[in-house]
Structure formats: C-alpha cells, structure tokens
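Enquirer: If you scroll down you'll find the structure; I have some questions about it.
What follows draws every value from the coordinates through simple rules; no lab data is involved. Because the structure is predicted, anything quoted here is derived from the model rather than measured. No Cβ is skipped: glycine too gets one built from the backbone with ideal geometry, and neighbour counts run over all protein chains shown.
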Amino acid sequence: MLARRTLLALCAAACAGCVHYAPLAGAYGGPEELPDSIASRYAYPSRALTPESSAVKERRDFVVRDVQLAPAAAGAAAAADGARGAPATTIKFEYYDVGGDEPAPVVLLLPILNGNVRVTRYFAHYFAEQGYAALVMDRDREPIPLALQHVEQTLHRNLLDYRRVLDWITTNPRLDSSKIGVFGISFGGIDAIMLAALDDRVQAVVAGMAGGDLPYLFVNTSYRSVARQVAREMRQTGLSRDALEARLDGQLETDPMELAPYVNAEDVLLVMTRSDWIIPFEAQEALRLKLGEPETLVLPTGHRTSVVYFPLVRSSAYDFFARRFEEIDAERSVPRVSAGNSPSRVAADASAARVAGDASPPPARSSAAAPAAESSVAAASGVKSIPPR
C-alpha cells in the first residue's frame with residue numbers, strides 16, 4: 001500500500017506541471033572580484049597530499065577507486081578564530097576512473113546534508129558512462145541533531161576539504177584540471193555555489209535545489225531532523241522563530257548569499273523545485289537573483305519528488321558541462337567573446353528549445369526586444385522558455 005501511494009504521488013508530481021527553462025540574463029555583467037578579506041577566511045597552507053587509493057569495483061566503462069587524503073590544515077586566519085576550528089578528519093571520496101589515452105574532464109559531486117551517497121552515485125555513474133571522471137565525496141554523515149550549534153564549522157571544513165580534492169585533481173595526470181565541473185543537490189548544491197566563488201579552478205557548476213540565506217533556511221525548512229531541533233531550541237530558550245534566525249545570522253559567516261556575487265553566472269546551471277518546503281522556493285529564487293540569474297531549469301515538484309525528473313537533470317547537467325568544456329577548448333585558441341553572444345549563450349538557447357519541446361530557432365538576444373514582464377522564474381507558467389531580461 002505504501003509503495004502504491006508513493007508511486008501515485010510521484011506520478012501526480014510528474015503530471016502536475018511542466019519543466020520551465022530560463023537562459024542566462026541578458027543584462028548579466030560578470031562576477032565581482034573576491035575580496036582578500038573573504039579569500040583569507042578559507043585559505044589553507046600547502047600540505048603533502050599523500051593519497052591512498054584502492055580499486056573497489058570494476059564496471060564496463062570505468063573502475064571505482066576509494067581514495068583517502070589528509071585533510072587541509074586551516075589557514076592562519078581560521079586558526080586564530082575558534083569558531084572556525086572544525087575538527088579535521090580524513091577526506092574520503094570515490095574516484096570513477098574512466099581510463100583513456102587523454103586526460104578526462106572531471107565532475108566533483110558534493111553530498112546532501114546527511115552524507116548519503118546514493119543520490120550522487122546515481123549521477124556519477126551516468127557521467128562516467130559518458131566519459132567524464134567523477135569524484136563522489138563520501139564524508140561521514142553530518143551530526144544533524146547538533147546542526148544548529150555547528151553549522152559554521154561544518155560549512156567551513158567542507159569547503160576546505162573540497163578545495164583539497166581540487167588540489168588532488170590538479171596532480172592527477174589522468175584528469176584534465178582545466179575541465180573541472182562541480183555537481184550538487186540540496187546542501188551539496190549550496191556547497192557547490194560557495195566552492196565556485198572561492199576557487200577559480202571550478203569551470204562549471206550544476207546546483208540543484210540550492211537556496212540562499214542559511215539562517216532563514218534552517219528555521220523554515222521542513223526537513224524533519226532540523227525542524228525538530230529548531231522546535232526544541234525554541235522551547236528550551238524561549239526564542240521566537242525570528243529571534244532564533246537572528247541569532248544564527250550573527251553566528252554564520254559562510255553563506256551562499258554572501259559568496260554568490262563572486263561566481264561567474266555563465267558557468268552555472270541551476271535546477272529549482274517549485275513546490276519545495278525543504279529548501280523553500282523563495283530561498284532558491286533569492287539565490288538565483290543574487291547569482292545574476294544564471295541558466296535555470298524549474299521542476300514542478302517538491303524536494304523529494306524531484307526524483308521523477310532525475311533522468312532529465314542528469315542529461316541536462318551533462319549537456320551543460322559539455323558545452324562549458326567545449327567553450328574552454330575554444331577559448332584556448334581565440335579570445336573570449338562578449339557576454340551577450342558567447343558560445344555558452346548560443347548553446348544554452350538550443351537547450352532551451354529542447355527542454356521546452358520547441359524546434360523553432362531561439363529568439364534574438366536583443367535587450368531592446370526582451371520582454372520585461374517575466375523578470376522572475378517564479379512568474380513562468382506553461383511549457384515554454386522564459387525570455388531573457
């Protein structure tokens with residue numbers, strides 16, 4: 001009975017609406033430069049990688065290897081601040097080695113909040129079958145019952161560890177370090193955006209169900225473990241929901257809303273979920289706007305029911321990475337063209353037509369001709385490509 005209800009719920013979600021597409025905003029002017037004051041928070045001294053690797057599974061198209069790295073040591077600024085003193089643990093990830101005669105593009109897949117790797121493995125298998133090496137972060141599950149007390153430490157340590165994995169990529173001759181993509185769903189999507197802001201080795205990002213303003217997210221999410229802790233904290237302290245949000249706001253330095261302006265929106269594909277109560281849609285939309293309105297897919301589902309569209313998400317993610325990596329090859333031989341007519345924008349318009357089921361050519365990208373009525377993905381309805389601003 002439960003399985004039948006779940007299937008009916010998924011079918012209802014799939015039929016409730018259609019996928020919407022928004023191209024990169026026509027008025028996007030490029031990212032801001034990351035200030036030294038922010039970069040220094042996430043600096044870490046050089047340290048020998050000394051990786052340990054072992055083959056675990058052999059597939060037709062790739063071999064899965066377990067890799068362990070020594071953690072990054074916190075930089076001087078972080079070490080001076082006890083609030084950032086998250087305990088360092090061994091960094092673990094699965095390396096989907098696709099072999100080949102040439103270095104392979106690579107996608108780093110970041111985990112969801114509880115560390116469960118089933119979701120990221122699903123996408124990693126697909127990327128590896130297409131010839132991309134994939135790295136699945138396999139960290140310990142987060143101490144969710146203590147999330148509100150340790151969220152800053154966890155965020156900071158995760159970002160240092162992910163940068164450490166980028167160091168490993170650059171030393172691996174089997175990987176093309178000029179073609180590094182990052183993929184994340186939910187909490188992993190939030191981390192993916194922040195990592196792209198902090199490290200210019202990241203060339204492409206696909207972030208699904210990622211929202212901004214973490215204090216707001218923590219006190220308003222329906223994610224059961226966190227929601228229960230919020231309710232318990234409010235009972236024990238007598239704080240209102242707004243007061244608890246304000247307290248978290250004073251404790252957190254690491255937030256995608258702060259780092260979003262330093263991400264190049266041309267390198268980002270967002271996947272949003274319209275009926276989401278775990279990462280509320282308004283938080284996803286706020287992050288999209290802060291990023292500069294990058295290319296976006298909007299699914300007519302909630303957080304968990306988005307699984308119905310995972311085949312579309314994975315193929316769209318691969319298409320986006322392929323377009324971005326092809327543009328990198330082109331940039332090696334010719335100067336980068338203006339933002340309004342870049343190859344990524346032209347290819348993105350072709351993807352919009354495929355997603356919307358429209359075989360006609362995309363509209364011209366004239367700012368004068370762009371309709372002003374649809375300034376937000378949230379305003380879209382029907383099966384169509386949302387015009388650029």
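Enquirer: Taking K and R as +1 and D and E as -1, what net charge do the other residues with C-beta under 10 Å from the C-beta of residue 294 add up to?
Expert: Counting the neighbours of residue 294, the net charge comes to -3.
Enquirer: In nanometres, what is the gap between the two model label sites at residue 237 and residue 56, each 7 Å from Cα along Cα-to-Cβ?
Expert: 3.7 nm
Enquirer: For a quick check: with amide H placed at 1.01 Å from N, whose amide H comes under 5 Å from residue 205's, ignoring anything fewer than 5 positions away on the same chain?
Expert: 182, 268, 269
Enquirer: Report the net charge of residues surrounding residue 310, where surrounding means a beta-carbon distance below 13 angstrom and charges are Lys +1, Arg +1, Asp -1, Glu -1.
Expert: +4
Enquirer: Rounded to the nearest 0.05, what FRET efficiency do residue 39 and residue 326 give with R0 = 41 Å and r taken as the Cβ-Cβ distance? Could you check?
Expert: The computed FRET efficiency comes out at 0.90.
Enquirer: May I ask you to sort 92, 290, 179 by Cβ crowding, counting other Cβ atoms within 10 Å and putting the fewest first?
Expert: Sorted ascending by nearby Cβ count, the order is 92, 290, 179.
Enquirer: With N residues in the range 201-323, what two-decimal value do you get for its Cα radius of gyration over 2.2 N^0.38 Å?
Expert: Dividing the Cα Rg of the range 201-323 by 2.2 N^0.38 Å gives 1.16.
Enquirer: Which ordering of 169, 180 is given by a fewest-first count of other beta-carbon atoms within 10 Å?
Expert: 169, 180
Enquirer: Give, as a single signed number, the net charge of other residues whose beta carbon lies under 12 Å from the beta carbon of residue 233, with Lys and Arg counted +1 and Asp and Glu -1.
Expert: Its environment carries a net charge of +4.
Enquirer: Could you list 150, 125, 20, 156 in order of exposure, starting from the residue whose Cβ has the fewest other Cβ atoms within 10 Å?
Expert: Ordered from fewest to most neighbouring Cβ atoms within 10 Å, 150, 125, 20, 156 come out as 150, 125, 156, 20.
Enquirer: At a Förster distance of 22 Å, what's the computed FRET efficiency of residue 227 paired with residue 122, Cβ-Cβ distance as r, to 0.05?
Expert: 0.25
Enquirer: Now for a separate question. If each residue of separation counts as 0.36 nm, what is the full-extension length gain between residue 101 and residue 178 once their alpha-carbon separation is subtracted?
Expert: Extending this stretch completely gives an extra 26.1 nm.
Enquirer: Beta carbons within 10 angstrom, averaged per residue: use that to sort the peptides 105-112, 56-63, highest first.
Expert: Most protected by this proxy first, the peptides run 105-112, 56-63.
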